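Colleague: This structure is in structure tokens; I'll ask about it shortly.
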Amino acid sequence: MRRGIVRVLPLLLAAAGVAQAYPFGPPPSKTGAVAVAGRPAEPRCTDCHTGNPANDPSGSLELLDLPSAYEPGRLYTVRLRLTHVWDPPPIEPRWGFQVQAVRKETGDSAGVWVVSAADSYQVLPTSAQLPQFARRRYLEHTIDGIHAGQPGPAVEWALHWQAPPGDSGLVYFFAAGNSANGDNRSSGDYIFTEVESLPCAASTDAPRARSLPAVPELTLASANPFRDEVSFRVWLPGTEEVSLEIFDLQGRLVRVLARARYEPGAYILYWNGRNAGGVRAAAGIYLARLTGVEHPVIQVRRIILLR
Ligand code: HEC
């Protein structure tokens with residue numbers, strides 16, 4: 001099961017009636033998204049962070065620097081700003097977020113969240129219990145991504161979103177933020193939500209291709225070293241037959257993540273740290289290798305599995 005810890009821990013905590021630090025970031029699908037294209041509305045962080053109504057007038061959540069329309073394939077840096085004035089201020093405020101981009105036409109994720117090694121963020125798939133959101137991905141803080149101890153009144157996260165490769169129509173952004181009082185209980189915190197939407201820029205003159213690589217490219221899309229799951233971003237400038245495979249340092253094939261013909265675009269592929277038989281691979285260094293058939297490209301990324 002992917003990300004078992006992330007899902008199971010809050011339940012254990014709830015069952016025990018205790019609150020403890022929840023170091024892995026929020027569980028997925030809690031952005032408070034409205035119902036889109038037949039997909040139901042999502043709950044909010046207030047599922048657990050109880051005690052105060054969402055969007056109290058003492059604060060706000062804003063997505064800043066969004067363009068008025070997205071150009072297909074372009075990488076945007078947007079800022080998520082959480083403002084909240086505490087009265088009285090808590091001893092150790094802690095601030096966190098979860099955000100997603102959704103296509104209006106399908107209700108599924110739009111574009112790709114790009115996480116660099118310097119960011120303390122993670123991209124989560126939805127939990128297996130919520131198949132209606134199976135095609136959604138969530139960007140959120142990890143334990144190092146919270147602004148701990150900062151009194152505010154505002155904190156910001158810089159987020160990198162790559163627009164979908166073609167015209168995907170209107171894209172919604174749904175974000176949730178938590179101004180937590182750091183008392184190690186999920187009650188008494190303040191949850192704020194935000195919705196934005198972006199149309200696609202009229203794109204007949206497509207000047208965008210310049211900034212994108214002309215050959216297939218493999219990059220990491222989540223934190224490395226990793227424990228439960230690692231994700232890769234594969235960029236394909238044209239229709240391409242590619243394989244993405246995991247090898248150990250002895251050159252043995254551990255797992256095939258993809259071996260097929262793909263349309264042009266950016267793809268996110270996940271490895272859950274297990275071999276083809278579903279057995280957890282041992283801790284250590286592995287190589288993720290992208291091989292193209294048409295292009296004689298081979299790209300290798302080194303990943304480190306912790307246990
Ligand atoms: C399934 C229950 C649950 C949900 C849903 C949930 N949280 Fe939490 N969260 C917790 C618990 C338990 C804690 C630990 C108590 C605390 O520190 O407040 C916590 C702590 C936090 C903290 C403090 C950081 C820390 O590690 O102590 C932040 C920030 C946070 N949550 C953000 C969010 C955001 C943003 C959402 C919605 C996108 C969310 N949480 C949804 C259970 C949950």
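The values are calculated or read from the model by the stated rules, or taken from the named source; none is laboratory data. All figures in this text were calculated on a predicted structure; none of them were measured in a lab. So basically every Cβ, Gly included, is an ideal-geometry build from the backbone, and we count neighbours across all protein chains shown.
Colleague: Identify all residues within the range 255-307 that are small (Gly, Ala, Ser) and either over 22 Å from Arg136 (Cα atoms) or over 23 Å from the mean Cα position of the chain (by Cα) (or both); write none if there are none.
Modeller: Within the range 255-307, Ala260, Ala276, Gly277, Gly278, Ala281, Ala282, Ala283, Gly284, Ala288, Gly292 qualify.
Colleague: Also, quick follow-up: Confirm whether Thr126 is within 12 Å of the ligand (Cβ to nearest atom) and in contact with a strand residue (DSSP E or B) (Cβ under 9 Å, 6 or more places away or on another chain).
Modeller: Judged against the criteria, Thr126 is not a match.
Colleague: Would you mention how many residues in the range 87-108 are within 16 Å of the ligand (Cβ to nearest atom) and outside any loop (DSSP other than H, G, I, E, B)?
Modeller: Of the residues in the range 87-108, the ones within 16 Å of the ligand (Cβ to nearest atom) are 89-102.
This time we only want the ones that are outside any loop (DSSP other than H, G, I, E, B), so: 94-102.
Total meeting the criteria: 9.
Colleague: From the set of residues in the range 148-163 that are in contact with a Lys or Arg (Cβ under 9 Å, 6 or more places away or on another chain) and modelled with pLDDT of 90 or more, which is farthest from Glu92 (Cα to Cα)?
Modeller: Ala163
Colleague: So, Ser109, is that one among the small types (Gly, Ala, Ser) and at pLDDT below 95 or not? Let's see the steps before the verdict.
Modeller: Numbers: among the small types (Gly, Ala, Ser): yes; at pLDDT below 95: no.
No; evaluated as a whole, the condition is false for this residue.
Colleague: Tell me, which residue of the range 108-144 that is small (Gly, Ala, Ser) and crowded, with 20+ Cβ neighbours inside 10 Å is nearest to Gly32 (Cα to Cα)? Quick ask: steps written out before the conclusion?
Modeller: Filtering the range 108-144 down to residues small (Gly, Ala, Ser) leaves 109-111, 116-118, 120, 127-128, 134.
Checking the rest, the ones that are also crowded, with 20+ Cβ neighbours inside 10 Å come to 109-111.
Working: Ser109: 15, Ala110: 17, Gly111: 19 Å.
Here the residue is Ser109.
Colleague: Over 19 Å from Ser29 (Cβ atoms), of a type in the set (Gly, Ala, Ser) and touching a strand residue (DSSP E or B) at 6+ places or on another chain (Cβ under 7 Å): which single residue out of Gly169, Gly177, Gly188, Gly149 fits that description?
Modeller: The unique qualifying residue is Gly169.
Colleague: Would you pick out the residues in the range 164-199 that are of a type in the set (Asp, Glu), surrounded by 21 or more Cβ atoms within 10 Å (Cβ to Cβ) and either near the ligand (Cβ under 10 Å from one of its atoms) or modelled with pLDDT under 90 (or both)?
Modeller: Answer for the range 164-199, where residues must be of a type in the set (Asp, Glu), surrounded by 21 or more Cβ atoms within 10 Å (Cβ to Cβ) and either near the ligand (Cβ under 10 Å from one of its atoms) or modelled with pLDDT under 90 (or both): just Asp189.
Colleague: Assess whether Leu220 counts as being within 19 Å of Arg74 (Cα to Cα) and touching a Gly at 6+ places or on another chain (Cβ under 7 Å).
Modeller: Criteria not met by Leu220.
Colleague: Now, a different point. Quick one: Ala19 ticks every box in (1) at pLDDT below 90; (2) away from the ligand (no atom under 14 Å from the Cβ) bar one, so which box is it?
Modeller: Result: Ala19 fails condition (2) only.
Colleague: Would you mind finding the one in Pro72, Pro40, Pro53, Pro93 that is in contact (Cβ under 8 Å) with a residue 40 or more places away in the chain and surrounded by fewer than 17 Cβ atoms within 10 Å (Cβ to Cβ)?
Modeller: The unique qualifying residue is Pro40.
Colleague: If you check Glu105 against the conditions, is it acidic (Asp, Glu) and touching a Gly at 6+ places or on another chain (Cβ under 6 Å)?
Modeller: yes
Colleague: Now for a separate question. Can you name the residue in the range 227-254 that is more than 23 Å from Leu139 (Cα to Cα) and among the hydrophobic types (A, V, I, L, M, F, W, C) and is also surrounded by the most Cβ atoms within 10 Å (Cβ to Cβ) among such residues?
Modeller: Filtering the range 227-254 for residues that are more than 23 Å from Leu139 (Cα to Cα) and among the hydrophobic types (A, V, I, L, M, F, W, C), the one surrounded by the most Cβ atoms within 10 Å (Cβ to Cβ) comes out as Ile246.
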